Amino acid sequence: MPNSFPLASGAQRGYHPEQVDDFLALARTAYEGAGAASAPMTAEDVRRAAFGVKRGGYATRYVDAALDRLEEVFFERERRARLRAEGEDAWWEETRQLLSEVRGRIQRQKGKRFRRRGIFATGYRRSQVDAFLDRISEMFERRELGLKPAEVRDVVFHSEWRGYDEDQVDALLDSVVELILATR
């Protein structure tokens, strides 16, 4: 069977090919509706997909780019279904509510935007997270979407002792991705 993606070169690690291929097969089945008896796959499921790594696996950048596109396809499908079911006004009201929640978090004082990890635990470096959130805040204030969903998904923060709680930061970033996709 031919490879779906280029392989990582040399000593680089890539995603485990069988895991990626299995996930993509499941996504295809869900999208085509053949798996109606099972739970449907959502854009969030695609966003949260994770794979093991190994030498000689699929090159991560190509898989990540494909997953970004796949998430957008599932999101657009979900958006259209919700517009048909609930109407455009309900859709935009929910989007405004999400924007309000995100803005509320971003407008908190720097260094206190999220819960901090315990004294013996590491979390995301607060200064890096705050700088990225300032960039997102400026984007909202200018009412332009200068960031692409992939830029938000791919952001990397270093760790520090007593840094921001990763789960809270990741949840906010997921909401930002959803806002970007919703307002295209």
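Some observations on this one:
- Exposure of SER159 as accessible area (Å², to 10), given a probe of 1.4 Å and all protein chains: 70
- Sequence of GLU44, GLU71 when ordered by accessible area, the most exposed leading, probe 1.4 angstrom: GLU44, GLU71
- Every helix of 4 or more DSSP H residues in the chain counts as -39500 (n - 2.57), and over all residues that averages to -18500 deg cm²/dmol at 222 nm.
- Between TRP91 and ARG55, the FRET efficiency estimated from the beta carbon spacing at R0 = 30 angstrom works out to 0.10.
- Per-residue ³J(HN,Hα) for segment 91-106, Karplus 6.51 cos²θ - 1.76 cosθ + 1.60, θ = phi - 60°, Hz, x for Gly and Pro: 4, 5, 5, 5, 5, 5, 5, 4, 4, 4, 5, 5, 4, x, 6, 5
- ³J(HN,Hα) computed for each position of segment 125-141 - Karplus, 6.51 cos²θ - 1.76 cosθ + 1.60, integer Hz, glycine/proline x: 4, 4, 5, 5, 5, 4, 5, 5, 5, 4, 4, 5, 4, 4, 4, 5, 5
- Rounded to the nearest 10 Å², the accessible area of THR29 at probe 1.4 Å: 50
- Remark: accessible surface ordering of SER137, SER127 (largest first) is SER127, SER137, probe radius 1.4 Å.
- Per residue Cα convex hull volume in Å³ - calculated over the chain: 150
- For VAL53, the residues whose amide H sits under 5 Å from its own are HIS16, ignoring neighbours fewer than 5 places away on the same chain, with H placed 1.01 Å from N.
- Taking all protein chains together and a 1.4 Å probe, the residues TRP92, TRP161 rank TRP161, TRP92 from largest to smallest accessible area.
- Overall form of segment 23-129 per C-alpha gyration tensor (a/c, 1.5; a/b vs b/c): oblate
- Segment 136-175 and segment 86-116 have Cα centres lying 13 Å from one another.
- Solvent exposure of ASP89, expressed as accessible area, is near 130 Å², computed with a probe of 1.4 Å over the protein chains only.
The values are calculated or read from the model by the stated rules, or taken from the named source; none is laboratory data. If you're wondering where the values come from, they're calculated on a predicted model, not measured in any experiment. In this analysis, Cβ positions are derived from the backbone assuming ideal geometry, glycine residues included, and neighbour counts consider all displayed protein chains. Each accessible area value is taken on the protein alone, full model and side chains, heavy atoms only, with ligands, DNA and RNA left out. Shrake-Rupley method; radii C 1.70, N 1.55, O 1.52, S 1.80 Å.
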